[in-house]
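Data block below; observations after.
The values are calculated or read from the model by the stated rules, or taken from the named source; none is laboratory data. All values derive from a computational prediction rather than experimental measurement. Cβ placement follows ideal geometry from the backbone for every residue including glycine, while neighbour counts extend to all protein chains displayed. Ligands, DNA and RNA are excluded from the accessible area calculation, which covers all protein heavy atoms including side chains. Shrake-Rupley method; radii C 1.70, N 1.55, O 1.52, S 1.80 Å.
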Amino acid sequence: MDVRETAGTAGSEQGSTKGPKIPVAVFVVIVVALQTAAWNVASHRLHGGVDPTYFVLSLFLSINLLICYWEACLYLRRDYIAQRAEYWRERGAETGRPAAILFLFSGIPVGSILSPTAWADVWAAYCVYDDAYTDRRTFGFNCDVGNGFATPIPSMVLLLSMTTGFLPAVVAGILGVALFWQWVYVSSLYMVSFYVSGGHRAIGRLDRLVWVWAPNTIWVVVPMFGLYVAVRLVLDGTYAVLGR
C-alpha cells in the first residue's frame, strides 16, 4: 500500500480536509526553493553572479524562516499536539513506517496551508522520536518556541543585508555572529538534553540517527560556517567573503 494512502491528512482532526491537497514534502520543497531562488536572483542582478557561500547561507536562512512558522504553531497549538501525537504513534505502528515519512507524504489541504492546526502535525509526528514536545516545561519545547518568535526578523534583516549591502559589513557581521552562535549553542544543547534526559533510549538507533542526530547536526555545522562568515564580515569590514 502506498504511503500516501495510509498517512491521512495533516491536521485532519480540526483543519478543513476539503479541496485539493499537496504532499507536505512537495510543499516544503516549493516554499524553500522559491525563497532561496528569489534571494539569489536578486543577488545575481545586483552583483553579477551567485556566490556559493551566499547560496548556502541564503538556503539555510530560508529554511529557518519556514521552520520559524512551524515553531510559532508549536506554541499556538501546544495542547492539540499532545493529542495528535498519539495518532502518529498508532499510524507508525500500523504501517511499520516511520512517522516522519508518513507525515511528509501526507496531504495538506491547499485551503489549510496557513493553518497552525495543520502544521502542528510537524511536532506531533516528531513526538514519536522525542515526546518533550508534548510538555511545555522542557528545554526542547521552549528553545524551539523561542527561535520561532525571536529569529524571523533578524534573519530577514541579515538576508537583506547580505543581498543588498544596506548595512555596513561590520554591523551585518555582528548580527550574524549573534544569530549563528545561538543556533550552534542551542542545537548542541538540545542534543545534550535529549541524551541526558534518556530520550534516546525510547527509539531505535536508526531513528535516532536519521530523525534526531542528522537534522540537529546540520543545525550546528551550517551555523558554524555562518559564524565564520560573520566574523569575516566584522574583521574585513567588507562583503568580500560573499563575493562582493
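Over the chain, what relative contact order in percent results from Cα pairs under 8 Å that are six or more residues apart? Computed over the chain, the figure is 25 percent. Which part of the range 28-69 falls in the paramagnetic zone of Arg244, meaning amide N under 15 Å from the point 7 Å along Cα-to-beta-carbon? The answer is 40, 42-55, 57-58.
As a rough guide to protection, the peptides 25-32, 168-175, 146-153 ranked by mean Cβ packing within 10 Å, highest first, stand as 168-175, 146-153, 25-32. Using Cβ point charges alone (K and R +1, D and E -1), the dipole size of the chain about the Cα centre works out to roughly 200 debye.
Here each label is just a point 7 Å from Cα along the line to Cβ, and for Leu66 and Ile174 those points are 3.3 nm apart.
Solvent-accessible surface of the chain, taken per residue with a 1.4 Å probe and all protein chains present: 48 Å². Per-atom-type breakdown for the chain gives carbon and sulfur 67% of the accessible area (1.4 Å probe, protein chains only). What FRET efficiency do you get for Ala202 and Asn142 if R0 is 22 Å and r is their Cβ-Cβ distance, rounded to the nearest 0.05? It comes to 0.60. Rounded to the nearest 20 debye, the dipole magnitude of the range 80-185 is 140 debye, with +1 charges on Lys and Arg beta carbons, -1 on Asp and Glu beta carbons, and the Cα centre as origin.
Ala42 to Tyr87: FRET efficiency via 1/(1 + (r/R0)^6), r the Cβ-Cβ distance, R0 41 Å, to the nearest 0.05?
0.50
In the chain, the DSSP-assigned H stretches of four residues or longer account for a calculated mean residue ellipticity at 222 nm of -22000 deg cm²/dmol, using -39500 (n - 2.57) per stretch and the full residue count as denominator.
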